[in-house]
Amino acid sequence: GAVVSQHPSWVICKSGTSVKIECRSLDFQATTMFWYRQFPKQSLMLMATSNEGSKATYEQGVEKDKFLINHASLTLSTLTVTSAHPEDSSFYICSAWGSGPLNTGELFFGEGSRLTVL
Amino acid sequence: SQKIEQNSEALNIQEGKTATLTCNYTNYSPAYLQWYRQDPGRGPVFLLLIRENEKEKRKERLKVTFDTTLKQSLFHITASQPADSATYLCALDTAQAGTALIFGKGTTLSVSS
């Protein structure tokens, strides 16, 4: 079964509103989670590294005030797209390295969240 | 600049044939190279990991090679099936604690029956 759960899978919102996406690690603790963004037929682009209990690290060109990341517990990271605009429409995917028995070297991904901003 | 390239955007083959996908990289020194499968509208799923000191890795019908001199990995699916149709992503892992994987754009494989 899934070891990283992401919610919601689909979200449609009006321009100017904010949308929150949750990413949970199931059965393991994740001090670090990664948020990727993917446009159609494009690569997964790393947006930011979410660190439990501290500020996220954003990749160059990603607006931290636009994409708010909160990693308040060892099993939950959230990405909030603030004042969303149509150009923010994309597929957002979170991921985490497994820990404990799940420390296998693979990166576990959530199912992704498809955001459409009207 | 650092770059990861997967040889083609799309690959079409007939059922039963071997699919070979290529991943080339420049200006990286990965400790590991990983391959993932991604189905439309889904998150990637891990397939195989190969270390820099390994030449080849196999798992059922999958085989991965890693040539650090050529800076290239080949991913083979033997006896391909229509269910193998998906996008395959290669990813570089520097193995530095807390760092993310860097992905190629992917190759979309279509296996026709």
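The values are calculated or read from the model by the stated rules, or taken from the named source; none is laboratory data. Remember, predicted model here, so these are calculated numbers, not experimental data. Cβ coordinates were reconstructed from backbone atoms using ideal geometry, including for glycine residues, and neighbour counts include every protein chain displayed. Heads up: the accessible areas ignore ligands, DNA and RNA and are worked out on the full protein's heavy atoms, side chains in. Shrake-Rupley method; radii C 1.70, N 1.55, O 1.52, S 1.80 Å.
Taking the range B:68-85 as the range and being open to solvent by less than 10 Å² (accessible area, probe 1.4 Å) and not β-branched (Val, Ile, Thr) as the test, the residues that pass are B:Ser73, B:Phe75, B:Ser80.
For every residue, the table says whether it meets (1) buried (at least 17 other Cβ atoms within 10 Å of the Cβ); (2) of a type outside the set (D, E, K, R).
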position	(1), (2)
B:Ala31	no, yes
B:Thr87	yes, yes
B:Asp93	yes, no
B:Ala97	no, yes
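Could you run through the range A:32-42 and say how many residues are buried (at least 18 other Cβ atoms within 10 Å of the Cβ) and more than 19 Å from A:His71 (Cβ to Cβ)? Number satisfying all stated conditions: 1. Quick check, is A:Leu118 open to solvent by 40 Å² or more (accessible area, probe 1.4 Å), in contact (Cβ under 8 Å) with a residue 12 or more places away in the chain and over 17 Å from A:Val19 (Cα atoms)? No; evaluated as a whole, the condition is false for this residue. Among the conditions (1) surrounded by fewer than 16 Cβ atoms within 10 Å (Cβ to Cβ); (2) in contact with a Ser or Thr (Cβ under 6 Å, 6 or more places away or on another chain); (3) modelled with pLDDT of 95 or more, the only one that A:Gln29 does not satisfy is (3).
Residue count for the range B:34-71 under the criterion of being aliphatic (A, V, I, L, M) and more than 19 Å from B:Ala86 (Cα to Cα): the result is 2. Across the range B:6-27, what is the total count of residues that are surrounded by fewer than 18 Cβ atoms within 10 Å (Cβ to Cβ), under 17 Å from B:Thr69 (Cβ atoms) and either within 14 Å of chain A (Cβ to nearest Cβ) or at pLDDT 85 or above (or both)? Summing the residues that are surrounded by fewer than 18 Cβ atoms within 10 Å (Cβ to Cβ), under 17 Å from B:Thr69 (Cβ atoms) and either within 14 Å of chain A (Cβ to nearest Cβ) or at pLDDT 85 or above (or both) in the range B:6-27 gives 3.
Listed conditions (1) in contact with an Asp or Glu (Cβ under 9 Å, 6 or more places away or on another chain); (2) on the phi > 0 side of the Ramachandran plot are all met by A:Asp27, apart from (1). Residue count for the range A:2-26 under the criterion of being part of a loop (DSSP other than H, G, I, E, B), within 10 Å of chain B (Cβ to nearest Cβ) and either among the aliphatic types (A, V, I, L, M) or surrounded by 14 or more Cβ atoms within 10 Å (Cβ to Cβ) (or both): the result is 1. Can we say A:Gln60 is closer than 29 Å to B:Tyr88 by Cβ, within 14 Å of chain B (Cβ to nearest Cβ) and touching a residue at least 24 places away in the same chain (Cβ under 8 Å)? So A:Gln60 does not fit the description; no.
Pick from the range A:80-115 the residues that are in a strand (DSSP E or B) and away from chain B (no Cβ under 14 Å): which of them is most open to solvent (accessible area, probe 1.4 Å)? So, considering only residues that are in a strand (DSSP E or B) and away from chain B (no Cβ under 14 Å), the one most open to solvent (accessible area, probe 1.4 Å) is A:Thr80.
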